[in-house]
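Below is one structure; the comments refer to it alone.
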Amino acid sequence: MSRYAIAIHGGAGTILQSTMTAEKEKAYTEGLREAILSGETILKNGGTSLDAVEMAVRLLENNPLFNAGKGSVFTNAGKHEMDASVMYGKDLTSGAVAGVSHIKNPVSLARAVMQQSDHVLLAGSGAMDFAKKVNAEIAEDDYFFVQMRYEQLQKALESDSVVLDHTEDNFEHGEKKFGTVGAVALDQFGDLAAATSTGGMTNKKFGRIGDSPVIGAGTYANNKTCAVSCTGHGEFFIRSVVAYDISCLIEYKGLSLKEACDIVVMDKLVKIGGEGGLIAIDYNGNIELPFNSEGMYRAKKNSEGDLFVGIYK
Ligand code: ASP
């Protein structure tokens, strides 16, 4: 059997052990575990990295703990507008959706854009028309209603602030985190893939779109270099073209994955105030999970090693 590897994230931010309950920690750990093992099973059985990242992200989207799919945060108008993207390193094909509502699994719609349209990024009502055409699974408002998210919106409305999932004065248990989800994988054929999905920011308006559906910013995959999925303050990640920057440092400067991640996450992003992190895997299956925030929900597994699940620094 050839080597395979997979990593996932469920968001980064101020996630402190001191403010986490044992029960909540267990629920997050279990959610991450379940998602990564579902992706790993596909890789172990000779499936593609594309199938593995889609499956892992779908499970995270179905879990209300994470800010994607079911657990997506509320917009200013009390709705859910989700962004997602996917990219295949084998041929650089990619697909993304932005500002979609009522889609149960935005990552699968992004994959449909990649494989069943001539486009890369579809947004808003046009994306919804496309969703109907490809029979994407639709869910009603009550599926996306999560009490904790609703309370976050009420607090954000009071202070008229736009908040990244949980921010300091808008969250439970004193944690500040970005709850976007993502996965990267290398399959036994040597092909890389990345996927990212998010509900964006609580109280967002004016059709705000973050980095998650922007190929090169929140998501990138190229068999020559690496696959990357980001989480954090999207505006900074777009300005830094984070995912592609890591790939470029490997391709044009010959850096290792670790060196590239250190420069981008721990130096370049920090200098402009871009809080967050990412998961990355290179063509050899090396994995890096860097973040410049207090914590990041994350997990990794490869064909030889044990499962690692982490939350704190
Ligand atoms: N990057 C996402 C955005 O800005 C947020 C997150 O990672 O939680 O929309």
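Residues in region 235-282 that are of a type in the set (Phe, Trp, Tyr) and crowded, with 24+ Cβ neighbours inside 10 Å: PHE237 only. Applying the set (1) within 16 Å of the ligand (Cβ to nearest atom); (2) over 16 Å from the mean Cα position of the chain (by Cα); (3) charged (D, E, K, R) to ASP211 leaves exactly one unmet item: (2). Candidates LEU37, LEU43, LEU32: the one that is within 16 Å of the ligand (Cβ to nearest atom) and at pLDDT 95 or above is LEU32.
Looking across region 163-199 at every residue that is in a loop (DSSP other than H, G, I, E, B), over 15 Å from LEU60 (Cβ atoms) and within 11 Å of the ligand (Cβ to nearest atom), the one that is modelled with the highest pLDDT is identified as LEU164.
Looking across region 8-31, the residues that are in contact with a helix residue (DSSP H, G or I) (Cβ under 8 Å, 6 or more places away or on another chain) and under 12 Å from ALA183 (Cβ atoms) come down to ILE8, GLY10. Just a yes or no: is a residue in region 222-237 under 17 Å from THR14 (Cβ atoms), in contact with a helix residue (DSSP H, G or I) (Cβ under 7 Å, 6 or more places away or on another chain), away from the ligand (no atom under 14 Å from the Cβ) and not in a strand (DSSP E or B)? No.
Residue check: is ARG298 within 14 Å of the ligand (Cβ to nearest atom), free of Cβ contacts under 8 Å to residues at least 60 places away in the same chain and basic (Lys, Arg)?
Criteria not met by ARG298.
The single condition from (1) within 15 Å of the ligand (Cβ to nearest atom); (2) β-branched (Val, Ile, Thr); (3) more than 19 Å from the chain's Cα centre (by Cα) that ILE250 fails is (1).
Annotation note: Cβ proximity below 8 Å between a residue of region 4-28 that is under 30 Å from GLY285 (Cβ atoms) and a residue that is among the aromatic types (Phe, Trp, Tyr) and not in a strand (DSSP E or B) (sequence gap 6+ or interchain) occurs for GLY10/TYR28; GLY10/PHE66; GLY11/PHE66; GLY11/PHE178; ALA12/PHE178; GLY13/PHE178. Of the strands (runs of 3 or more DSSP E) contained entirely in region 238-313, those carrying at least 2 residues that are in contact with a Lys or Arg (Cβ under 6 Å, 6 or more places away or on another chain) fall at 308-312.
Answer yes if at least one residue in region 267-276 is under 28 Å from LEU307 (Cβ atoms) and within 10 Å of the ligand (Cβ to nearest atom), and no otherwise. Scanning region 267-276, I find at least one residue that is under 28 Å from LEU307 (Cβ atoms) and within 10 Å of the ligand (Cβ to nearest atom), so the answer is yes.
The values are calculated or read from the model by the stated rules, or taken from the named source; none is laboratory data. The model shown is predicted, which means the values in this text are computed figures rather than measured ones. FYI the Cβ positions are ideal-geometry reconstructions off the backbone, even for glycines, and counts take in every protein chain you see.
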